[in-house]
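*Asks:* Sharing a structure with you now.
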Amino acid sequence: MELTDEILVQKTTKSRLPEVDFNKLGFGTYVSDHMLICNYSKGQWEAPRIIPFGDITISPTTLALHYGQSVFEGLKAFKLDDGRINLFRVQKHHERMNRSLARMCMPDIPEEIFVDGLRRLVEVDKDWIPTQPGSSLYIRPIMFASEAKFGVKISDDYTFIIFSGPVGPAFSQALKVKVETEYVRAPKGGTGSAKCAGNYGGAFYPTQKAKEAGYDQVLWTDARENKYIEESGMMNAMFVIDGVLVTPPTSDSILAGVTRDSLLTLAADLGIPYETRPVSLVELENAFRHNTITEAFGAGTAAIVAPIATIHLNGIDHHLPAYGDNAVCYQLKNKMEAIRKGQDDDKHAWNFLF
Ligand SMILES: Cc1ncc(COP(=O)(O)O)c(C=O)c1O
């Protein structure tokens, strides 16, 4: 990968680092000192700059606010024991960002800005990378339509920003999820496979209703028949049924999770049998009836795996057995953590170290 050192950096004169309690990080509590910002106008990207994190001014006519051209990513950086920094699967996130942008009629973000920009930004804020077990620097690249114009149109101008913040482990206990058959997240041909803002805004209402009923998340079903599991709020869905790791295939209504891809690759490495195929609600009910389902978990950057304790399906709470240390989800998680921290062989070249 070609790297440039040409990004202009304006450092903060007053770091907020002393305010951080690294033993109580939570998720989304703290934002690091700097951000990268880069504008696109007249068909060209301008030079990116790294500046102190702060507010930006936009016009009320900014197109993203009205018509939703807004795309983001979420990835993580880690500090290795030898002090090097690892940006995990940065190229895969860059590729997905460009696929999401294409779906939303937005221009590609070049590698020199996304990857080199990330590297420089994380270097500048390297003291913000936490080292406590389970913690990391979460990085949020976001791009939105910034043309200020009154009228429905594809924007001619865009703003790309990257900021980051130290985060702790995402979930402290196994989740209760509700299989959603009334509301849908994404239809065939829709924007479900893009990481665009509207997918999340549209998911809030059903998720809020599920929370009011005592569940942490929804498990979405397909928009046509509500018969097949799609994915969860910010995670892909995985099950262990009859000793086989099973996950729905990605499609235009499911986000192609980087963690999902990593875990399936590691399952192959570890000799864990797996299948990517549709998982119907009938299959899940039968698996609960015959006690052949032993695990259900979400797979995503925030937690790697989020074990599920209860699945609400057709009016019934089905409970999963307790997860032992040798559960498939923990075998996969431990392997992935060891690779990310540079403690295991990175044979798939997932680490970007500097
Ligand atoms: C809707 C959705 N599905 C799945 C995922 C998991 O993707 P990843 O593993 O790349 O974080 C995410 C998180 O980015 C998500 O927002």
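Just so it is clear, none of the values below were taken in a lab; they were calculated from the coordinates. Note that the structure is predicted; figures quoted are calculated from it, not measured. Every residue, glycine among them, receives a Cβ derived from its backbone with ideal geometry; neighbour counts consider all protein chains shown.
*Asks:* On a 0 to 90 degree scale, rounded to 10, what angle separates helix 258-270 from the longest Cα axis of the chain?
*Replies:* On a 0 to 90 degree scale, this one is about 50.
*Asks:* Follow-up. Among Ile50, Ile254, Ile316, determine the one that fluctuates most according to a GNM of the chain built with springs between C-alpha atoms less than 10 Å apart.
*Replies:* Ile316
*Asks:* Which pairs break 22 Å Cα to Cα here: Lys24/Lys335; Lys24/Lys211; Lys178/Lys227; Lys42/Lys153? Write out the running numbers ahead of the final one.
*Replies:* On the way: Lys24/Lys335 25 Å; Lys24/Lys211 24 Å; Lys178/Lys227 14 Å; Lys42/Lys153 15 Å.
Long pairs (Cα-Cα over 22 Å): Lys24/Lys335; Lys24/Lys211.
*Asks:* On a straight-distance basis, which aspartates and glutamates could pair with Lys149 in a cross-link, Cα separation under 14 angstrom, same-chain partners fewer than 8 positions away excluded?
*Replies:* The reachable aspartates and glutamates, counting only those whose Cα sits under 14 Å from Lys149, are Asp157.
*Asks:* Among Met97, Met238, which comes first, then next, by fewest other beta-carbon atoms within 10 Å? Intermediate results must be reported in sequence, preceding the final value.
*Replies:* Numbers: Met97 24, Met238 30.
Going from sparsest to densest Cβ surroundings: Met97, Met238.
*Asks:* Once you have a ≥ b ≥ c as the square roots of the Cα gyration tensor eigenvalues for the range 8-167, tell me rounded if a/c is under 1.5, and otherwise prolate or oblate according to whether a/b is larger than b/c.
*Replies:* Numbers: a/c = 2.03, a/b = 1.72, b/c = 1.18.
Prolate shape, in that a/c is at least 1.5 and a/b is the bigger ratio.
*Asks:* With a ≥ b ≥ c taken as the square roots of the eigenvalues of the C-alpha gyration tensor of the range 217-354, please select rounded if a/c is under 1.5 and otherwise prolate if a/b is larger than b/c or oblate if it is not? Mind showing how you got there, number by number?
*Replies:* Working: a/c = 2.09, a/b = 1.56, b/c = 1.33.
Prolate, because a/c is 1.5 or more and a/b exceeds b/c.
*Asks:* Which whole-Hz ³J(HN,Hα) couplings does the range 345-354 yield from phi under the Karplus relation 6.51 cos²θ - 1.76 cosθ + 1.60, θ = phi - 60°, glycine and proline marked x?
*Replies:* 4, 8, 6, 9, 6, 8, 8, 10, 9, 7
*Asks:* Sticking with this one: Using a 10 angstrom cutoff on alpha carbons, build the Gaussian network for the chain and name the most mobile of Ile109, Ile56, Ile85.
*Replies:* Among Ile109, Ile56, Ile85, the largest GNM mean-square fluctuation belongs to Ile56.
*Asks:* When a/c reaches 1.5 or more, the comparison of a/b and b/c decides; with that in mind, is the range 90-229 rounded, prolate or oblate per its Cα gyration tensor? Let's see the in-between values first.
*Replies:* Details: a/c = 2.24, a/b = 1.18, b/c = 1.90.
It comes out oblate by the Cα gyration axes.
*Asks:* For the chain, which span is the longest to avoid every loop-located (per DSSP) member of trypsin sites (Lys or Arg not before Pro) having at most 10 other Cβ atoms inside 10 Å?
*Replies:* Between exposed loop sites, the widest span is 43-346.
*Asks:* Let me have the 222 nm mean residue ellipticity of the chain computed from DSSP H runs of 4+ only, each contributing -39500 (n - 2.57), with the sum over all residues rounded to the nearest 500.
*Replies:* Working: 7 runs with 84 residues, N = 354.
The helix contribution divided over the chain gives -7500 deg cm²/dmol.
*Asks:* Between 0 and 90 degrees, rounded to the nearest ten: what's the tilt of helix 197-212 against the longest Cα principal axis of the chain?
*Replies:* That helix lies at roughly 40 degrees to the long axis.
*Asks:* In what order do Asp261, Asp325, Asp108 fall by count of nearby beta-carbon atoms within 10 Å, going from fewest to most?
*Replies:* Details: Asp261 18, Asp325 7, Asp108 15.
Least to most surrounded, the residues fall as Asp325, Asp108, Asp261.
*Asks:* Between the range 138-176 and the range 260-325, what is the separation of their alpha carbon centroids in Å?
*Replies:* Using only Cα atoms to place each centre, the spacing works out to 29 Å.
*Asks:* So how far, in whole Å, is the C-alpha centre of the range 26-55 from the one of the range 195-218?
*Replies:* 28 Å
*Asks:* How tilted is helix 90-103 with respect to the longest principal axis of the chain? Cα atoms for both, answer in degrees (0 to 90, nearest 10).
*Replies:* 90 degrees
*Asks:* Pop out the ³J(HN,Hα) list for the range 312-319 in order, Karplus 6.51 cos²θ - 1.76 cosθ + 1.60 with θ = phi - 60°, rounded to Hz; leave Gly and Pro as x.
*Replies:* 8, 9, 6, x, 10, 7, 9, 9
*Asks:* Additional query: Between Asp21 and Ala322, with labels modelled 7 Å along Cα→Cβ, what's the label distance in nm to one decimal, could you check?
*Replies:* Distance between the two pseudo-spin positions: 3.0 nm.
*Asks:* Using amide H atoms built 1.01 Å from N in the peptide plane, name the residues 5+ places from Asp157, or on other chains, whose amide H lies under 5 Å from its own.
*Replies:* Ser146, Glu147
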